[in-house]
Amino acid sequence: MKNFGLLAIAGLLASGIMQADSIQASLYSPFAPAGAAPVIVNLSGITPVYQGTVMGSGYMISFPSTGYNTGVVQGAGSGYALPVAGVTGTTPEYLTGGFGSALTTNAAASGNYLSTGTGEVVITFSAPETSFALLWGSIDTSNSLSFNDAADYVVTGSAVQNAAGGFVGNGYQGPGGSAYVIVNTSTPFTQVIATSSSASFEFAGVSAAASSFTTTPSTTAPEPEMALLMLPLGIAFLWFRRKA
């Protein structure tokens, strides 16, 4: 019975430990957000360069800090470049629309995407999400994504470069310089802020979803360190109970 009790307590403690915030990156293999009923950002039908509020099903995009080339853009311009979604031989391919859309080698036929320019892009979701996917263009160390989850998780361009196998070089605009990225957070977020301290942060194919492994915003699971501290207390409790 003693062993069973210890295992039961260890299992209960372990069940409260949530997965850590994490990222994955791939040059040419898209990630779908983890969870059911994903929110897909749709930028079609918008005439670039657009810096007004974008309203969609389950999300809102705003540009509270606007600068040069901040907003919804299309094609390649001065200060921003198309995120590369694939490659045919040595020819880059681009998304024709949002998340999951077909690819094209014709830049003129590519879809709209988002550019921070020297400002910022704020995506606000109407429901808590825990998984965020995007195509991160010409990844630069000055780029970053900030999440308003419990940990205020920040994903830097440097971290994405390190995670993307075969990445070519900082800010490279051709094949091998962009990557599909998925960010999973241990606690829910409702807002993602994209910024860049220099040049521009371009991204497309944005989607988000809520994973089942996380808690709701009002529930906080113990950190791994706290769980380890609690384990001896559980063992001591069982020992005293057995002696009684």
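Taking a point 7 Å out from the Cα of residue 68 in the direction of its Cβ, the residues of segment 158-172 whose backbone N falls within less than 18 Å of it are 171.
Taken along the Cα-to-beta-carbon direction at a fixed 7 Å, the label points for residue 88 and residue 24 span 2.8 nm. Taking 0.36 nm per residue of sequence separation and removing the Cα-Cα distance, the residue 47/residue 124 pair yields an extension gain of 25.6 nm. In this label model, residue 57 and residue 191 are separated by 2.6 nm, measuring between points 7 Å along each Cα→Cβ vector.
Values in this text are rule-based calculations from the coordinates and carry no lab data. Keep in mind the model is a prediction, meaning the values are calculated, not measured. As a convention, Cβ positions derive from the backbone with ideal geometry for all residues, glycine included, and neighbour counts pool all protein chains shown.
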